[in-house]
Amino acid sequence: MAAAATRCLIAVLLLCVPVADGHARTVQEPAESLRFAVIGDFGTATKQQYELANVMAGVRDRSPFGMVLTVGDNIYAAWSRRAVVDRFETPYRALLDAGVTFFASLGNHDSVEERSYPLFNMGGARYYTVTRSNVQLFALDSNYLDPAQLTWLRQELETSTAPWKIAIFHHPLYSSAQRHGASEELRVALEPLFVQYGVQVVFSGHDHVYERFKPQHGITYFVCGSGGQLRRGNLGDALSPQTAAGFDLDLVFVAVQIDGDVMRFQAISRTGAVVDSGVIQRVATP
Amino acid sequence: MTIKTARVVVFCSTMLVSTLAVTMDSRRAMPRHDDGGAVSLFRDRVAAYGELRQQVVTDLLKVGLDPNAADYGQEFRNRLGLAIRDARQRAKPGEIFCPEIAGDVRRKVWTSLQGVDDILEEVPAVSRVRVNDFYPEGEPLATVPPSLLRRLEPLPPELQYRFLANALILLDIDTGLIVDFIPDAFQRSS
């Protein structure tokens with residue numbers, strides 16, 4: 001396991017843009033940029049979740065982001081007021097008090113009530129789209145990808161004029177993790193649409209690790225499933241050749257900044273260390 | 001009109017329009033089958049469930065239950081589930097999944113799930129699946145493959161095909177009520 005961990009870290013160091021001090025840096029936000037964070041599989045009410053949430057708040061203090069995208073498994077418990085307070089409202093209190101808006105997608109552990117929970121901003125829907133600045137976000141329900149949802153997605157993508165199209169949903173189309181791995185069924189259904197309509201970035205969770213893939217058909221895929229619990233060492237000894245970076249030693253969230261055609265990201269661990277970072281250049285679709 | 005009344009009107013209108021729209025879309029979109037009327041029967045039974053459900057919703061609204069209450073509709077959904085269960089207290093397995101449909105669905109499930117054990121690993125194991133039981137609280141919902149959903153009859157938004165134990169269940173997603181099920185719909189490899 002130690003060897004795997006070392007190799008994961010080496011992969012990160014080799015394949016990603018290193019950051020000088022190994023911690024999240026303060027960056028001045030240009031007037032028309034969009035900043036957000038991404039977390040997944042977080043609603044555990046564990047000490048680790050709270051610690052990562054504190055790191056998120058600290059990063060936001062230095063580099064204010066206005067929204068957080070969640071990739072599901074937001075509340076690991078039957079729905080109750082207590083569960084929401086312990087697993088969401090308390091750990092992210094600093095972000096909520098600062099006016100940060102959460103946009104949630106549903107995982108296999110989530111309750112139907114979450115669709116109507118105002119702080120998840122789902123508007124009562126299983127899937128929805130939101131546009132902020134030059135980014136259109138498509139929040140999908142990968143747990144039940146029925147023809148009606150696929151038709152909706154095609155129509156929304158067809159009519160989207162946003163330069164950046166980003167999809168969030170729970171089950172990863174690519175994942176090297178041993179617990180679940182990639183969902184090829186979903187990949188067959190979704191990836192052709194993403195390619196056809198120019199989705200550039202996809203965030204998923206489900207596997208409780210962090211992983212980023214080299215662009216697949218022009219799309220960068222992230223697994224951000226270690227927002228509240230970790231499957232340490234779950235990336236195993238053999239990372240996929242498609243993997244650009246992986247980290248399975250601690251909880252992680254991803255901080256993103258989009259300026260024009262450039263997206264910068266940092267994967268930040270519970271200790272505040274930047275375990276992956278890089279730049280994605282938007283390529284205009286024909 | 002008060003805000004509460006307006007909300008209720010919007011809620012009812014939305015539910016009615018969405019149910020009608022989906023039902024009409026489903027009927028328009030589906031090809032005709034030479035199935036001896038089984039598909040039509042299934043659609044009619046699903047539609048009948050939708051009508052019963054809508055009647056129960058209307059009744060709950062009349063007695064002042066608010067689907068937009070501060071508990072995010074939890075109490076409304078709980079009461080809705082219990083009221084539907086009462087209204088269908090004599091419902092038996094196979095009342096919606098008639099035998100012809102069940103056989104067809106079972107074949108499609110078996111075909112779709114060949115070689116996808118990772119999905120079955122996530123299916124909650126319970127000792128018994130029964131009509132009018134609620135989906136076990138706190139248990140995850142296993143993914144239903146999109147390729148299977150594409151091959152099954154479309155359902156209105158309040159109903160979903162789901163897996164539980166070795167059954168394919170028809171789940172009222174808002175209330176968690178098991179409306180019907182097909183036993184032995186698939187087999188786990190381990």
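Couple of notes before you dig in:
- Relative contact order %, segment B:63-145, counting alpha carbon pairs below 8 Å whose residues are six or more apart: 27
- Gyration tensor verdict on chain A (Cα atoms; rounded if a/c is under 1.5, prolate if a/b is larger than b/c, oblate otherwise): rounded
- Mean separation of Cα pairs under 8 Å and 6 or more residues apart, divided by the residue count, gives chain A a relative contact order of 24 percent.
- Added length on full extension, which subtracts the Cα-Cα distance from 0.36 nm per residue, residue A:61 to residue A:284: 77.0 nm
- For chain A, the share of DSSP beta bridges that are antiparallel, to the nearest 5, is 65%.
- Pairwise label distance in nanometres, residue A:97 with residue A:261, each label 7 Å out on the Cα-Cβ vector: 4.3
- Residue-span extension gain [residue A:82 to residue A:196] - 0.36 nm each, minus C-alpha spacing: 36.7 nm
- Dipole axis of segment B:52-148 (+1 Lys, Arg; -1 Asp, Glu on Cβ), positive-most option in B:102, B:129, B:113: B:102
- Size of charge dipole - chain A - debye, nearest 20, with Cβ of Lys, Arg +1 and Asp, Glu -1, no other charges: 320
- Backbone N under 11 Å from the residue A:54 label point (7 Å along Cα→Cβ), restricted to segment A:258-281: A:271
- Partner shielding of B:136-146 amounts to 6, given as the average count of beta-carbon atoms from other chains within 10 Å of each residue beta-carbon.
- Cα gyration tensor shape for segment B:103-190, rounded if a/c is under 1.5, else prolate or oblate: oblate
- Per-residue mean of foreign Cβ neighbours for B:154-167 is 1 (Cβ atoms of other chains, 10 Å radius).
- Shape of segment A:51-141, Cα gyration tensor, a/c cut at 1.5: oblate
- The simple spin-label model puts a point 7 Å past each Cα toward its Cβ; for residue B:75 and residue B:62 those points are separated by 2.1 nm.
- A Cβ-based charge dipole, computed about the Cα centre of segment B:70-130 with Lys and Arg at +1 and Asp and Glu at -1, lands at about 460 debye.
- Hypothetical label at residue B:107: residues of segment B:130-164 whose amide nitrogen lies under 17 Å (7 Å Cα-Cβ projection): B:148-153
- Cβ charges +1 (Lys, Arg) and -1 (Asp, Glu), total dipole of segment A:138-243, debye: 340
- Virtual spin-label span in nm between residue B:92 and residue A:119, 7 Å along Cα→Cβ: 4.9
- Within 10 Å of each Cβ in A:106-116, the average number of Cβ atoms from other chains: 5
- Note: relative contact order over segment A:216-286, using C-alpha pairs below 8 Å and six or more positions apart, is 22 percent.
- Residues A:171, A:109 arranged by fewest to most Cβ contacts within 10 Å: A:109, A:171
- Largest-first ellipsoid semi-axes for segment B:44-150, taking √(5λ) over the Cα gyration tensor eigenvalues, angstrom: 30, 19, 13
- Calculated on the alpha-carbon coordinates, the convex hull of segment A:215-286 measures out at 93 cubic angstrom per residue.
- Gaussian network model of chain A, Cα within-10 Å springs - most flexible of A:208, A:170, A:217: A:217
Just so you know, all these numbers are worked out from the coordinates, no wet-lab data involved. These numbers come from a predicted model, not from an experiment. Quick reminder, even Gly has a Cβ in these numbers, built from the backbone with ideal geometry, and neighbours come from all protein chains shown.
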